[in-house]
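Sharing a structure with you now.
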Amino acid sequence: MVRIAVAGLGKMGIAHLAQIAQVDGVEIVGVCDPATYLLGLLRHQTDHPTFSDYRVMLDTAAPDAVVIATPSHLHVAMARAALERGIHVFCEKPLTLSPDDSAALVALAAARGLVNQVGYHHRFMGTFREIRRLLDAGVIGAISHASAEARGPVVLRDSGTTWRTRRAQGGGCLFDYATHPIDLLAWYLGEPRSVGGTALTRVFSRDTEDQVHATLFFDAGRTAQLTVDWSDESQRKMSTRVNIWGSHGHLYADRQEVRLFARRNANLPDGYRVGWNTRYITDLTEPVGFYIRGEEYAAQFEHFVARVAGRTLPALNDFASAAVTDRVLALLTANATAPRRSVAPAAAAAAPAAPARRRRSLFAR
């Protein structure tokens, strides 16, 4: 039996409590939140021990692992407190709001030999996993360009009262939503070496951006366009999409399907043919023990619990991979405030042609 505690009873915390409680071999030994009315409701509906102080919960309940689903600015202190007590950690994204803090947590978790995972659940979604499998098989050849976007109706009126839209607490659209497509791009293409053309645009929020646009530059001349908008009322709900172009074809994925256009020289695996191919999430989802919000949430917690229990499984979304995303966030933040340079038409016409493979970008690491 794996003893697990949960910190935070907001939207994700309540969902994660319901999800982790359904995993075979889990006992909920503590739930923590400063809101006394939420703890009262929980005591009325369940027999979970409740706490208003995080450190008291860790010391009293003595969990094997903790799920941290609190506002982003609280992650680093809570994760550190758990790791220092020898407790495994699952933390919601982003890992922290500072790449230095993330690096410190990576080092601490490694030094203590503790399981660590971050809530980038798209890595457990059948469609996005299939993209990774096809890329690993070299199906579309040498990658030249990608695009990743997340859009949805999250902030649709003047806002400045929640932690998500306060820069120091949640980090805005960049830290709260752009993290998902950035994490996917890093999973597929590796860590970007630099970024350029970053625009962080406010629509409704007073303290943070609601839209993110940028170019990411990777090794071997590969590029990616990032577009995120959590004030897009044309979308029914938040959705993430990825396109990847290569010398042998084109890949597309969202929550529902994978589409592959394969040229005649593509290295095709079983089940695919030259031309257009479509595979749906229903065919790509592996069985899980329960369904709450989506199979990917069940899969990520089953994976976490299995690793805590001692099973040898790959660390699909650990602190180290999350720290890559946090470094990209820092690059984008700095680039967004950098002085802009523009080229007038006459100057562009007079400039010598650049070498074919040379690219210009800002804020190389």
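Go through the residues of region 116-138 one by one and say whether even a single one is out of contact with any helix residue (DSSP H, G or I) (no Cβ under 8 Å at 6 or more places or on another chain) and assigned to a strand (DSSP E or B).
no
What pairs can you find where one residue is in region 172-185 and within 15 Å of residue 124 (Cα to Cα), the other is assigned to a helix (DSSP H, G or I), and their Cβ atoms are less than 6 Å apart, with a gap of 6+ or different chains?
Qualifying pairs under 6 Å: 180/122; 183/325; 184/122.
Any idea how many residues of region 202-227 are closer than 12 Å to residue 155 by Cβ and not in a loop (DSSP other than H, G, I, E, B)?
2
State all residues of region 62-82 that are touching a strand residue (DSSP E or B) at 6+ places or on another chain (Cβ under 8 Å) and either surrounded by 23 or more Cβ atoms within 10 Å (Cβ to Cβ) or in a loop (DSSP other than H, G, I, E, B) (or both); if no residue qualifies, say none.
62, 63, 64, 65, 66, 67, 68, 69, 70, 75, 79, 82
Starting from residues that are more than 18 Å from residue 284 (Cβ to Cβ) and not small (Gly, Ala, Ser), keep the ones in region 121-151 and report whichever is surrounded by the fewest Cβ atoms within 10 Å (Cβ to Cβ). Reasoning before the result, please.
Going through region 121-151, the residues more than 18 Å from residue 284 (Cβ to Cβ) turn out to be 138, 141-151.
Within this subset, residues satisfying the condition of being not small (Gly, Ala, Ser) are 143, 145, 149, 151.
Numbers: 143: 22, 145: 15, 149: 20, 151: 21.
Only one residue fits best here, namely 145.
Another question, if that's okay. Among the candidates 272, 291, which residue alone is aromatic (Phe, Trp, Tyr) and farther than 30 Å from residue 142 by Cβ?
Checking each option against the conditions leaves just 291.
Please work out which residue is surrounded by the most Cβ atoms within 10 Å (Cβ to Cβ), limiting yourself to region 279-303 and to residues that are of a type in the set (Phe, Trp, Tyr) and more than 16 Å from the chain's Cα centre (by Cα). Steps first, please.
Initial filter on region 279-303 (of a type in the set (Phe, Trp, Tyr)): 280, 290-291, 297, 301.
Filter once more, so that each one left must be more than 16 Å from the chain's Cα centre (by Cα): 280, 290-291.
Numbers: 280: 12, 290: 15, 291: 11.
Per the criteria, the residue is 290.
Looking at (1) of a type in the set (D, E, K, R); (2) more than 22 Å from residue 297 (Cα to Cα); (3) crowded, with 21+ Cβ neighbours inside 10 Å, find the lone condition where residue 43 falls short.
(3)
From (1) within 25 Å of the chain's Cα centre (by Cα); (2) more than 23 Å from residue 289 (Cβ to Cβ), pick out the condition that doesn't hold for residue 49.
For residue 49, the exception is condition (1).
For region 83-115, enumerate the residues that are part of a helix (DSSP H, G or I), among the small types (Gly, Ala, Ser) and closer than 23 Å to residue 208 by Cα.
Passing the criteria: only 102.
Let me ask another. Select, from 118, 195, the only residue that is closer than 17 Å to residue 319 by Cβ and at pLDDT 95 or above.
Within the list 118, 195, the selection yields 118.
Looking at region 345-361, is at least one residue surrounded by 10 or more Cβ atoms within 10 Å (Cβ to Cβ) and either modelled with pLDDT under 95 or over 21 Å from residue 96 (Cα atoms) (or both)?
Yes, some residue in region 345-361 is surrounded by 10 or more Cβ atoms within 10 Å (Cβ to Cβ) and either modelled with pLDDT under 95 or over 21 Å from residue 96 (Cα atoms) (or both).
Can you pull out the residues in region 142-158 that are more than 16 Å from the chain's Cα centre (by Cα), in a strand (DSSP E or B) and of a type in the set (A, V, I, L, M, F, W, C)?
143, 146
Return the pair list, or none, for Cβ contacts closer than 7 Å from residues in region 296-307 that are in a helix (DSSP H, G or I) to residues that are at pLDDT 95 or above and among the polar types (S, T, N, Q), at least 6 apart or on different chains.
Listed pairs, sorted by first residue: 297/19; 298/19; 301/19; 304/117.
Right, another one. From 11, 93, grab the single residue that is within 26 Å of the chain's Cα centre (by Cα) and at pLDDT below 95. Break it down into steps so the answer makes sense when it comes.
Values: 93 fails: at pLDDT below 95.
After applying the criteria, what remains is 11.
The values are calculated or read from the model by the stated rules, or taken from the named source; none is laboratory data. Please read these numbers as outputs of a predicted model, since none were measured by experiment. As a convention, Cβ positions derive from the backbone with ideal geometry for all residues, glycine included, and neighbour counts pool all protein chains shown.
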